[in-house]
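The values are calculated or read from the model by the stated rules, or taken from the named source; none is laboratory data. This one's a predicted model, so the numbers in the text were calculated from it and none came from an experiment. For neighbour counting, all protein chains shown are included, and Cβ atoms are generated from backbone atoms with ideal geometry for every residue, glycine included.
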Amino acid sequence: MTAALRDRALSIGADPRDTADERFRKRLLVGVALIILPFGFVWGCLYWVVGEHAVALTPWAYVTGSTISLAVFARTPNFAFLRTAQLLLILVAPALGMVMLGGLHESSSVILWSLLAPLGAVAFDRPSRAWPWFAAFVATIVLALALSEVVRPNGADLPNGFVRTFDVLNIVVVSFVAMLLLVTFARGRDAAQERVEALLLNVLPAEIAQRLQSDPISIADHFDDASILFADVVDFTPLSSRLDAREVVGLLDRLFTSFDELVDRNEVEKIKTIGDCYMAAAGVPRQRPDYAHVLAGLALEMREPIGLVDVKGKGEVETWRLVGPSESLSRKPA
């Protein structure tokens, strides 16, 4: 129940057209905003209790503005609007609190919350956008320090224990939110990188995939000696016309899975599959002296019966065999 509610809350503003990266960034920003909301409300209540009613309005104003931005985002999944609204709110609201309390010490360094604006820009926007937000953060600190001397030159007369307690709370909670943001963002990036690597490894040899990731240039290696095997299903077009799409995919999946196992066992390289064609090579991208022998052995192993296929569930059983050392697969009734 709790997990379902959490997932529903994080799905605010979700759009079926979102990419995986956009979906991740949306969920992360919504999650961080929802985590900060109760802290802002409690901060306002505590300042209200000690008699700083005007100061209490600043975190409550943040809570109100953040809630409104989330509600608008839920109706119109405009991520740029939510991102800008949240970054502006977390940048300005703590600075207003600092001004109204009369300085950095009196406000218990509440301006630390504003640091989440440039950090958030790194996670929710392009990295190049983080520097303008960081410049805005520095300018906000300078402006807030100057205005606090004008608005409340004597500073708030708060109990020393209260000020020190809020010093600790501001440092700890801001650090916690920043760590949560960065760790979650890093995990998301790692997961995306793993998906990219898995995709590359599905279509490229491991050595080539690593070279492309480390140095994305055109690769054109020369090999003096190599062998290539082509395996093709004879009469595949007439057969596929008698099967539905799922049966065709299932047949090829079972067939090529068997081939993949043989390729791995013989330590040769699967190049690609196109339709019903299977291509493998020996001697690339790692050179080996027995390239011809090992590929011939693979071809002979692929001639063994691959499996039985019940076509259309009518009991018509067919056996698939490789009849040439590198040319084709034939079909004949069992």
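Some observations on this one:
- Verdict on residue 126 being closer than 20 Å to residue 18 by Cα and surrounded by fewer than 20 Cβ atoms within 10 Å (Cβ to Cβ): yes
- Leading residue by the ranking (nearest to the chain's Cα centre (by Cα)) among those in the stretch 150-193 that are charged (D, E, K, R) and surrounded by fewer than 14 Cβ atoms within 10 Å (Cβ to Cβ): 189
Residue-by-condition table, conditions (1) modelled with pLDDT of 90 or more; (2) more than 21 Å from residue 141 (Cβ to Cβ):
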position: 3; (1), (2): no, yes
position: 28; (1), (2): no, yes
position: 33; (1), (2): yes, yes
position: 60; (1), (2): yes, yes
position: 94; (1), (2): yes, no
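- Within the stretch 1-44, the set of residues being farther than 24 Å from residue 89 by Cα, over 15 Å from the mean Cα position of the chain (by Cα) and not in a helix (DSSP H, G or I) comprises 1, 15, 16, 17.
- For residue 272: the one exception among (1) at pLDDT below 85; (2) surrounded by 17 or more Cβ atoms within 10 Å (Cβ to Cβ); (3) assigned to a strand (DSSP E or B): (2)
- Selected residue (criterion: nearest to residue 290 (Cα to Cα)) from residues of the stretch 223-260 that are without any contact (Cβ under 8 Å) to a residue 12 or more places away in the chain and under 31 Å from the mean Cα position of the chain (by Cα): 260
- Any hit, the stretch 258-266, residues being crowded, with 17+ Cβ neighbours inside 10 Å, of a type in the set (Gly, Ala, Ser) and either modelled with pLDDT under 80 or in contact with a helix residue (DSSP H, G or I) (Cβ under 7 Å, 6 or more places away or on another chain) (or both): no
- Where a residue in the stretch 129-156 is not assigned by TED's automatic domain parsing to the domain that holds residue 116 and its partner, wherever it lies, is of a type outside the set (S, T, N, Q), with Cβ under 6 Å and at least six apart: none
- So residue 84, is it closer than 26 Å to residue 186 by Cβ and at pLDDT below 85: no
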